[in-house]
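Below: one structure, written as structure tokens.
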Amino acid sequence: MADAGLARGDVADIVANVRLTGGGRTDPFGDDLVDVHLRAGRIVDIAPAGALPVRGRVVDGGGGWSVPGLWDHHVHTVQWALVAQRRLLDDATSYAHAARIMTDAPILSDGRRVGTGFRDALWTDEPTLAILDAETGEVPTYLINADVHSVWLNSAALRREGHEPDGVGILREAPAFEISRRLNAVPPEMADRLVADAADAAAARGVVGIVDLDMAWNEEAWARRLSTGFDALRIEFGIYPYHLERALAEGLQTGDPVRGVTSDLVHVGPLKVITDGSLGTRTAACSHAYPGDVHDHGVLTVPPDELVALMTSAAGGGLACAIHAIGDVANSNALDAFALSGAWGSIEHAQLVAHADIPRFARLGISASVQPEHAVDDRDVADALWAGQTAVPYPLRAFVDAGVPLLLGSDAPVAPLDPWAAMAAAVHRTRDGREPWHAEQAIDAATALAASTHGGSGDGAATIEPGAVADLVVCDRDPLTAGDAAMRGTAAVATLLGGRLTHRA
């Protein structure tokens, strides 16, 4: 069957010569080649290759494997897109090294230097303003931790942001988030251009949708982007507590389409509440103390009563909840709040969970929205800082065994937005040839793939069948049989969003 030579933006009528995997593993076609017939953005038929007449525009899959379109369930969209302008610090090995790296970071149009992605939890030197000032001078300079829960500023940056230099220059949690919000407040035309570029890159990896958890009033931004032609991804956008009153007053409910523009691509998502810190910043709220200080159990950034009140208001107004909880104490509090408020939704991260709390997720119907690459990135930090914890670190297999739906994501820019990397980390629990870390918590490839589609690995997992929305990816290999490196290297031959090509290799 000849390929019609379709390009990005064209609408296909047939995806030809593909094998079904993931959502099609129980299909009677087995590994035989099939044609997937589309109409009005949905799948209308699946037949053996060439069995039905060819009518319309064809994307020839060339014998590749087709899976449902992929989702990233946790993205900070503008901050992810702005990484393209910022100096990466993932190769820094100390505070002194990170400071030296910033000497050649570009000075942005607003006069700042911004670096991102350093991981300092195991560094042995001490951060001081003197070190950073000596390398960066009077140019306001900002170094954002990979987990975004802390920012290191030089004296010029501290003065610019209204902080008195304190000899160290590190801000954590709410003050750090405020700095990130300010740095993300670039001109809309710049943000929208960078978001469009990042979205195209995601589509090239097989992504059809993301949950946008930017710390902003996101509806306005997405209506603007749609009005200027954004069409690469489906979006569900989050709402933060400081915007909850406005959202409720304006009647926003989870699942509603964005207002102000006619589109089926962007919808209201959940209330997002950050209830504790992070492992990398050593602020995740844990039952056992961090090494070196018997009083240091991390921080709860939202008191339990306040969390229940927020979630009760959200649920009453029709908003789902996405609750950031990393430490075991934070996870227990989040589950309590779901039970008391009647809210529904997900716990985001769920990196350290008490044994008794794992089945509570299932009993309450709460999804675990997890980022498997964090387990690979954090393995050494977790071994060092959480060695005394009795809860389960990154308990993916335990969640699956308990019947808890999984939603996979990246937390971009904390990890790259790459669903194949997330799946590989979930299935193989390693990277770069190291021994698997806590291999007993690995999950099977089919579950990882389902968790990487809209709705996650629960009963509503996406499938390839007649009647389903034609959000499809044609891959160059079967991800269900790929090893770690092969899964990470999976290429999207074509990505279709409602039958429309958003990527064509």
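Quick notes on this structure:
- The range 379-505 - accessible surface per residue (Å², probe 1.4 Å): 33 Å²
- From most to least packed by mean Cβ count within 10 Å, the peptides 151-157, 396-402 give 151-157, 396-402.
- Share, in percent, of DSSP beta bridges within the chain that are antiparallel, nearest 5: 45 percent
- Surface listing: M215, M311 arranged by accessible area from highest to lowest gives M215, M311, probe 1.4 Å.
- Spin-label pair V44/T124, simplified geometry with 7 Å Cα→Cβ offset, distance in nm: 6.8 nm
- Residues in the range 186-251 average 37 Å² of solvent-accessible surface per residue, probe 1.4 Å, ligands and nucleic acids excluded.
- Computing Cα extents along the principal axes in Å directly from the structure and comparing it against [x] 83, 47, 45; [y] 74, 52, 51; [z] 75, 60, 37 singles out [y].
- Near G9: Cβ cut-off under 13 Å, other residues only, Lys/Arg at +1 and Asp/Glu at -1. The net charge is +1.
- 222 nm mean residue ellipticity, helices alone, for the chain (DSSP H n ≥ 4; -39,500 (n - 2.57); rounded to 500): -8000 deg cm²/dmol
- Area accessible to solvent at E306, 1.4 Å probe radius, in Å²: 90 Å²
- Debye, to nearest 20: dipole size of the chain, +1 on Lys, Arg Cβ, -1 on Asp, Glu Cβ: 920 debye
- Cα gyration tensor category, rounded, prolate or oblate, for the range 163-265 with a/c compared to 1.5: oblate
- 13 Å beta-carbon shell around V44, net charge (K/R +1, D/E -1): -1
- For the range 34-49 and the range 78-134, distance of Cα centres in Å: 50 Å
- For the range 278-298 versus the range 456-505, the spacing of their alpha-carbon centroids is 39 Å.
- Computed over protein heavy atoms with a 1.4 Å probe, the accessible surface of the range 1-149 works out to 41 Å² per residue.
- Length added when fully stretched, E465-E220, from 0.36 nm per residue minus Cα-Cα: 84.7 nm
- Across the accessible surface of the chain, with the other protein chains kept in place and a 1.4 Å probe, carbon and sulfur atoms take up 53 percent.
- If you take the Cα centroid of the range 236-262 and the Cα centroid of the range 349-364, the two points sit 28 Å apart.
- Sorting D471, D380 on solvent-accessible area from highest to lowest, probe radius 1.4 Å, gives D380, D471.
- DSSP finds beta bridges in the range 367-505, and of those with both partners inside it, around 75 percent are antiparallel.
- For a modelled paramagnetic label at V381, 7 Å from Cα along Cα-to-Cβ, the residues of the range 266-283 in reach, with backbone nitrogen under 11 Å, are 278-283.
- Linear extension gain, D197 paired with A289, 0.36 nm per residue minus alpha-carbon span: 28.8 nm
- On the basis of the beta-carbon distance and an R0 of 30 Å, T103 and M190 show a calculated FRET efficiency of 0.75.
- Note on D31: accessible area approximately 90 square angstrom, rounded to 10, probe 1.4 Å, nucleic acids and ligands left out.
- Heavy-atom SASA rank of F230, F361 (probe 1.4 Å, accessible area, largest first): F230, F361
The values are calculated or read from the model by the stated rules, or taken from the named source; none is laboratory data. Quick caveat, the model's predicted, so the values are computed rather than measured. Please note: Cβ atoms are built from the backbone with ideal geometry, for glycine as well, and neighbour counts cover all protein chains shown. In case anyone asks, the SASA skips ligands and DNA or RNA and just uses the protein heavy atoms, side chains included. Shrake-Rupley method; radii C 1.70, N 1.55, O 1.52, S 1.80 Å.
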